[in-house]
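Peer 1: One structure coming up, written as structure tokens, with questions to follow.
The values are calculated or read from the model by the stated rules, or taken from the named source; none is laboratory data. Remember, predicted model here, so these are calculated numbers, not experimental data. Here the Cβ is made from the backbone with ideal geometry for all residues, glycine too, and neighbour counts use every protein chain on show. Heads up: the accessible areas ignore ligands, DNA and RNA and are worked out on the full protein's heavy atoms, side chains in. Shrake-Rupley method; radii C 1.70, N 1.55, O 1.52, S 1.80 Å.
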Amino acid sequence: MSSDEPTLDTLLDRNRGWADSMTQSDPEFFSRLAQQQAPRYLWIGCSDSRVPANQILGLMPGEIFVHRNVANVVVHSDLNCLSVIHFALEVLNIRHIIVCGHYGCGGVRAALHDSKLGLIDNWLRHVQDVRNRNRAELSELKDDHARLVRLCELNVLSQAINVAETTLMQDAWGRGQQVSVHSLIYGLDNGILHNLGPSFDKPEDVLRRKGELGW
Ligand code: CO
């Protein structure tokens, strides 16, 4: 435990200060939010503490629906993630799903190097699937740093495809709902988000991307 670690009381004090300042600048802020949420975006990102969705997008409470897990993985049997996507699509009527990874991801690094960390190795198997599917491309890169950079990107592209291939997204597109899936990656060292390619607006976009990637 570091000496500058705030105590729980300190955190609660900070919360009061934050709530007071929010109310001062907009007296109706909390009463309005308490009525309903109407976020425009669903964010699926890494649990990494350095990648907070609201702050890096400059969004307020109520403006983005968020799901985070280690290495921003989307698995078709993960009831947690599927439930978030379902709620976002069918209740909140969200139009944009952002899958966001980040460079220097510890989960991706562990997967790349076959690190033995315990239980989480099972979760990171999904990232190893991405690595294994792209062994040829990764092996041509000059060093481990370059391979980690590329695997962080390939993981985002792969998980965005997984989102698009859920029955939830396929059904949404099938009934004419306008939803786009975006693939972004965040630089821990400069705070900048990069778009990794064209968004998916329909099933054909996903097939084209898979063809381009040779998957
Ligand atoms: Co990460």
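Peer 1: Output the residues belonging to region 150-176 that are assigned to a helix (DSSP H, G or I) and of a type in the set (S, T, N, Q).
Peer 2: N155, S158, Q159, N162, T167, Q170
For every residue, the table says whether it meets (1) in contact with a Gly (Cβ under 7 Å, 6 or more places away or on another chain); (2) within 16 Å of the ligand (Cβ to nearest atom); (3) assigned to a loop (DSSP other than H, G, I, E, B).
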{"position": "I44", "(1), (2), (3)": "no, yes, no"}
{"position": "S49", "(1), (2), (3)": "no, yes, yes"}
{"position": "I56", "(1), (2), (3)": "yes, yes, no"}
{"position": "L59", "(1), (2), (3)": "no, no, yes"}
{"position": "G62", "(1), (2), (3)": "no, no, yes"}
{"position": "V74", "(1), (2), (3)": "no, yes, yes"}
{"position": "S77", "(1), (2), (3)": "no, no, yes"}
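Peer 1: Across region 112-149, what is the number of residues that are closer than 19 Å to D78 by Cα and assigned to a helix (DSSP H, G or I)?
Peer 2: Adding up the residues that qualify gives 11.
Peer 1: Let me ask something else about it. Quick one: is G176 modelled with pLDDT of 95 or more, over 20 Å from C46 (Cβ atoms), away from the ligand (no atom under 15 Å from the Cβ) and surrounded by fewer than 19 Cβ atoms within 10 Å (Cβ to Cβ)?
Peer 2: So G176 passes the test.
Peer 1: Just one of (1) without any contact (Cβ under 8 Å) to a residue 24 or more places away in the chain; (2) farther than 27 Å from Q177 by Cβ trips up Q36, so point out which.
Peer 2: Answer for Q36: the failing condition is (2).
Peer 1: Just to be sure I understand, how many residues within region 13-42 are in a helix (DSSP H, G or I), farther than 30 Å from H102 by Cα and open to solvent by 80 Å² or more (accessible area, probe 1.4 Å)?
Peer 2: Within region 13-42, residues that are in a helix (DSSP H, G or I), farther than 30 Å from H102 by Cα and open to solvent by 80 Å² or more (accessible area, probe 1.4 Å) number 8.
Each row is one residue, and each column tells you yes or no for (1) open to solvent by less than 10 Å² (accessible area, probe 1.4 Å); (2) without any contact (Cβ under 8 Å) to a residue 12 or more places away in the chain.
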| position | (1), (2) |
| --- | --- |
| H76 | no, no |
| C105 | yes, no |
| L112 | no, no |
| L119 | no, yes |
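Peer 1: From the residues in region 97-111 that are in a helix (DSSP H, G or I) and farther than 11 Å from N72 by Cα, which one is nearest to the ligand (Cβ to nearest atom)?
Peer 2: Checked region 97-111; the qualifying residue nearest to the ligand (Cβ to nearest atom) is G106.
Peer 1: Quickly run through region 130-164 and pick out the residues that are surrounded by fewer than 17 Cβ atoms within 10 Å (Cβ to Cβ) and touching a residue at least 24 places away in the same chain (Cβ under 8 Å).
Peer 2: R133, D144, V149
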